[in-house]
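Here's the structure, in structure tokens; my notes come after.
The values are calculated or read from the model by the stated rules, or taken from the named source; none is laboratory data. Nothing here was measured: the structure is a model prediction, and the numbers come from that model. In this analysis, Cβ positions are derived from the backbone assuming ideal geometry, glycine residues included, and neighbour counts consider all displayed protein chains. Keep in mind that these areas ignore ligands, DNA and RNA; they rest on the heavy atoms of the full protein, side chains included. Shrake-Rupley method; radii C 1.70, N 1.55, O 1.52, S 1.80 Å.
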Amino acid sequence: MLFTFQSTLYIHYLISSNCIDRTLMHQEVKHLRHKNKMQCQFGFDYQTKVDGEIILHLYDKGGIEQTVCMLDGVFAFILLDTANKKVFLGRDTYGVRPLFKAMTEDGFLAVCSEAKGLVNLRHSTTPFLKVEPFLPGHYEVLDLKPNGKVASVEMVKYHHCRDEPLHALYDNVEKLFPGFELETVKSNLRILFNNAVKKRLMTDRRIGCLLSGGLDSSLVAATLLKQLKEAQVQYPLQTFAIGMEDSPDLQAARKVANHIGSEHHEVLFNSEEGIQALDEVIFSLETYDITTVRASVGMYLISKYIRKNTDSVVIFSGEGSDELTQGYIYFHKAPSPEKAEQESERLLKELYLFDVLRADRTTAAHGLELRVPFLDHRFSSYYLSLPPEMRIPKHGIEKHLLRETFEDSNLIPKEILWRPKEAFSDGITSVKNSWFRILQDYVEHQVDDTMMAAASEKFPFNTPKTKEGYYYRQIFERHYPGRADWLTHYWMPKWINATDPSARTLTHYKSAAKA
């Protein structure tokens, strides 16, 4: 790794190899700064309007540990300190922003926001350069050698999702009341969620919102529109929904848009368009996980529409809520509240491999900047601090606490507030002809039984068990041969004998659909 910069401190922003606007990593450091409060507390004198300048000031004042702990937002950075001959890498708590690195035994270091920017690098000491994701919620300290090579000193986990972040000392959240009385908790959640949306309004570009018509995206859209009005933003909020004809998501999103008064866009696609997008989607995602690929097609196509047909660039979504608030249907089968709590935290820890990977890559591939209020540090750490029995599904309804919290707010229609969970990849199509069935019917003609019989020999790691999984793996290997270990395991529901990740295969969903 060779740096030619002369400055004592230099922040490197990671630039994607295939995205239009990933410059500056889409860092949400415009709201990450807490500029006014930190300027008052620390006396920082900003010299530029560059989002990441705050990182330099924090590092200069308190070193790398204080820097990463004080950042409120999503980020990935490289910080070079030539005076002290140090290099630092850092990534946000949930890994919303991607970061990959490759490092050889002799100290060659390469870093990029996406793995595709590293896979074709060649180095004299190794014929195959190992590329791996940088762990979320960590920073790494490396010594910088005179020859430009580096040596890793330590890898530090700086924040656990349950812990209140250090930067909470400087935010403007109104005082939260202590205790676990239901009304107290609901009030605190409303305060924190409103603030999570409000702080993410900071941008010079037009804001839009993905709207599936489910609970999470609907709460985000309604709160966002309310906050935009209070901020006297002059343009109307654009909301975006995608689906095939008669999809449940399109119908539900239309109800929410009418209720909140957004400028609503409906994007229709057919099965052929979805299937044709698979190659581009897998290339953008850098994964072959079945449920991730399925859910990414709709998000990729709607992002493409937004970029081509509107001037909305900063896009809000409801990502992270299912993992945080135990929204997946299989949580109904949790053996105990404590086991459900453990599973929730596991899912949050692995978000960077699945849902936020999907959300970031599909939007960034079209130059859009994703913002995810449900993964706000204050909101998520408070939610996870609540007693386990308070967070589990109740009365056959997942996310019961979250729904109760907004019961009397009139933010969204009651039928949407209490709408059962609908997986995004399923909701975009009709109940009669699910997206996963369309895909499986298609791959049935692309992968034969002979290929499946030899799957374990061809793909010994993460061997695909279905023809759909085999088909996605083939595409992945064509783009990224020998890189299957980027995905440690497939996403699948727990506590049930599921053979497919689709919610529509679960007994609970089937009974709810009939009701």
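State yes or no: is residue 101 within 22 Å of residue 351 (Cα to Cα), surrounded by fewer than 21 Cβ atoms within 10 Å (Cβ to Cβ) and not aromatic (Phe, Trp, Tyr)? It is true that residue 101 is within 22 Å of residue 351 (Cα to Cα), surrounded by fewer than 21 Cβ atoms within 10 Å (Cβ to Cβ) and not aromatic (Phe, Trp, Tyr). Looking across 189, 142, 121, one residue alone is in the same structural domain as residue 42 (by the TED database), touching a residue at least 12 places away in the same chain (Cβ under 8 Å) and open to solvent by less than 30 Å² (accessible area, probe 1.4 Å). It is 142.
What number of residues in the range 303-357 are more than 20 Å from residue 162 (Cβ to Cβ) and either among the small types (Gly, Ala, Ser) or outside the structural domain of residue 397 (by the TED database) (or both)? The qualifying residues number 4. Determine if the range 196-206 includes at least one residue that is closer than 12 Å to residue 378 by Cα and not in a helix (DSSP H, G or I). No - not one qualifying residue is present in the range 196-206.
You will find that of 241, 222, the residue that is buried (at least 17 other Cβ atoms within 10 Å of the Cβ), in contact with a helix residue (DSSP H, G or I) (Cβ under 6 Å, 6 or more places away or on another chain), small (Gly, Ala, Ser) and in a helix (DSSP H, G or I) is 222 and no other.
When the criteria are applied in full, residue 203 fails the requirement of being β-branched (Val, Ile, Thr), surrounded by fewer than 20 Cβ atoms within 10 Å (Cβ to Cβ) and over 25 Å from the mean Cα position of the chain (by Cα). The combined condition, being farther than 23 Å from residue 480 by Cβ, open to solvent by 30 Å² or more (accessible area, probe 1.4 Å), touching a helix residue (DSSP H, G or I) at 6+ places or on another chain (Cβ under 9 Å) and assigned to a helix (DSSP H, G or I), is fulfilled by residue 169.
Table: residues versus (1) surrounded by fewer than 22 Cβ atoms within 10 Å (Cβ to Cβ); (2) among the aromatic types (Phe, Trp, Tyr); (3) in contact (Cβ under 8 Å) with a residue 24 or more places away in the chain; (4) in a helix (DSSP H, G or I).
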residue	(1), (2), (3), (4)
265	yes, no, yes, no
273	yes, no, yes, yes
287	no, no, yes, no
295	no, no, yes, yes
302	no, no, yes, yes
305	yes, yes, yes, yes
313	yes, no, yes, no
322	no, no, yes, yes
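So, residue 404, is that one in the same structural domain as residue 325 (by the TED database), farther than 25 Å from residue 255 by Cα, part of a helix (DSSP H, G or I) and among the acidic types (Asp, Glu) or not? When the stated conditions are applied, residue 404 does not pass them.
Restricting attention to the range 358-398, the residues that are more than 23 Å from residue 206 (Cα to Cα), touching a residue at least 60 places away in the same chain (Cβ under 8 Å), open to solvent by 10 Å² or more (accessible area, probe 1.4 Å) and part of a helix (DSSP H, G or I) add up to 5.
In the range 75-88, is there at least one residue being without any contact (Cβ under 8 Å) to a residue 60 or more places away in the chain, among the β-branched types (Val, Ile, Thr) and open to solvent by less than 10 Å² (accessible area, probe 1.4 Å)? Checked the range 75-88: no residue is without any contact (Cβ under 8 Å) to a residue 60 or more places away in the chain, among the β-branched types (Val, Ile, Thr) and open to solvent by less than 10 Å² (accessible area, probe 1.4 Å).
Taken over the range 328-354, residues that are within 17 Å of residue 91 (Cβ to Cβ), assigned to a helix (DSSP H, G or I) and open to solvent by less than 30 Å² (accessible area, probe 1.4 Å) amount to 3. Looking at residue 174, is it out of contact with any Asp or Glu (no Cβ under 9 Å at 6 or more places or on another chain), open to solvent by 30 Å² or more (accessible area, probe 1.4 Å), more than 23 Å from residue 401 (Cα to Cα) and in contact (Cβ under 8 Å) with a residue 12 or more places away in the chain? Here the answer is no, as residue 174 does not meet what is asked.
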